[in-house]
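Nothing in this text is a laboratory measurement; each read-out follows from the coordinates by a stated rule. Nothing here was measured: the structure is a model prediction, and the numbers come from that model. Every residue, glycine among them, receives a Cβ derived from its backbone with ideal geometry; neighbour counts consider all protein chains shown.
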Amino acid sequence: MARHMSLRILRMVVLYLSDLILYRPSTHEIIPNSKTVDDAPFVSPSSLLLYRYCAYGISWDPDFSASLLSLCDRGVVFAIAHVRGGAELGRIWYDEGKMVHKRNTLSDYIACAEHLVAYRWTSNGSIIAEGGSAGGLLMGVVTNMRLDLWAGCILQCPFLDAVVTMCEHPARVH
């Protein structure tokens with residue numbers, strides 16, 4: 001049984017490609033972006049799912065997900081935008097994506113989408129933006145800032161009204 005499993009793992013490595021791209025938008029910051037695609041001949045541009053959580057210094061390293069492989073089998077490219085607010089590039093990277101610097105997170109996510117369009121991994125209007133909780137805040141803002149980029153948006157348990165939430169009186173919160 002163990003031998004059969006190791007053969008399957010090798011087959012998965014051959015069928016799917018995953019890599020990390022470092023790019024420099026107009027802000028001159030280096031922004032990392034991970035993507036996974038099916039190793040079949042690539043049809044450019046493709047539909048793309050661009051994910052980000054982006055808060056509290058949490059990083060999301062690319063890992064195995066059977067549901068992502070199902071998307072890749074259908075020609076969808078999956079990408080993670082490692083924007084400021086996460087901890088991918090250390091504490092300063094994290095600090096530059098929160099509080100008064102939150103706009104950096106927004107511009108980094110949009111720059112990631114623009115980079116993927118510029119290099120023909122996708123096209124304007126073919127990107128699904130996805131984020132949950134604090135990433136939902138990111139999705140709510142960037143979809144309104146650049147309507148032309150997105151085919152849709154997935155907000156998982158979005159934290160959209162930060163000001164009202166922080167100002168709620170504890171007695172009124174259930």
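Would you grab the residues whose amide H sits under 5 Å from the one on F78? Only those 5+ places off in sequence or on another chain, please, with H modelled 1.01 Å from N.
Excluding prolines and chain starts, which carry no amide H, the hits are T36, L49.
Show me, for region 118-133, the HN-Hα J-couplings you get by feeding each phi into the Karplus relation (A = 6.51, B = -1.76, C = 1.60, θ = phi - 60°), rounded to Hz, glycine and proline as x.
4, 9, 6, 6, 7, 9, 3, x, 10, 9, 9, 8, 9, x, x, 6
Given H placed 1.01 Å from N in the peptide plane, which residues other than close sequence neighbours of S126 have an amide H under 5 Å from its amide H?
A151
Computed FRET efficiency, Cβ-Cβ of M99 and W60, R0 22 Å: what is it to the nearest 0.05?
Efficiency at R0 = 22 Å is approximately 0.55.
Could you derive backbone 3J(HN,Hα) for region 95-103 from the dihedral phi with the Karplus parameters 6.51, -1.76 and 1.60 (θ = phi - 60°), listing whole Hz in sequence and x where the residue is Gly or Pro?
4, 6, x, 9, 6, 5, 9, 4, 4
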